[in-house]
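Each remark here refers to the structure printed beneath this line.
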Amino acid sequence: MASANSEQDAPVRYVSPTVAQSVKILVVGAFGVGKTTMIGSVSEIPPLRTEETMTTAGVGIDPAAGVDGKTTTTVAMDFGRITVSSDVVLYLFGTPGQRRFWDLWEGLAEGAVGVLVLVDTRRLEDSFEVLDQLELRTSMPFAVAVNEFPNAPRHGAEPLREALDLLPDTPIVMCDARSRDSAARALITLVEHALKYTNSPKAFT
């Protein structure tokens, strides 16, 4: 499986001829939780990014508390690709985290089979609105990936499930968005969960 490759592997430019199924995945989360980092670390191609430098125009609009040192922000989407088996490839679409860009979610979600929700336990309350928006805008299955920042508090899956008011069957995985293997495991967990709700993945073309 490609997900087991080392992080030093060279980028794969073309999709393998053995791939028979392509699957679109949406990656969402609050501002600054690591969506761009995750897609960049896991993608086997140079990721497409639509980042802009943060300016004073965002002061009081974008929630910068708890994301010290962040100087850029996604304004449209992130895009990457990862081959997870000899016949399945995932296309990853990351959404902007700011509320003012949430209307973009519906368009980005079209054709996706599932959603990976990235969470930062340092700012867990920021994820409440994200999950509410997800419920309002789509009925797709989702999994929660907890991005374990070095200084973030550690919680077990069940306390997090209760805090986020998640259903018993919603997967929760711990991950390091900087690690290709860790990010890939989170994505595979989502795909396995999504396949329980669909007869077969929808192809993204």
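The order of 91, 197, 14, going from fewest to most other C-beta atoms within 10 Å of their C-beta, is 14, 197, 91. Arranged from fewest to most other beta-carbon atoms within 10 Å of their beta carbon, 39, 45, 188 become 45, 188, 39.
Per-residue 3J(HN,Hα) values for region 147-157, derived from phi via the Karplus relation 6.51 cos²θ - 1.76 cosθ + 1.60 with θ = phi - 60°, read 7, 8, 4, x, 9, 8, x, 9, 9, x, 4 Hz in sequence order (x marks Gly and Pro).
Each value in this text was obtained by applying a stated rule to the coordinates, not by laboratory testing. Everything numeric in this text was worked out from a predicted model, so none of it was measured. So basically every Cβ, Gly included, is an ideal-geometry build from the backbone, and we count neighbours across all protein chains shown.
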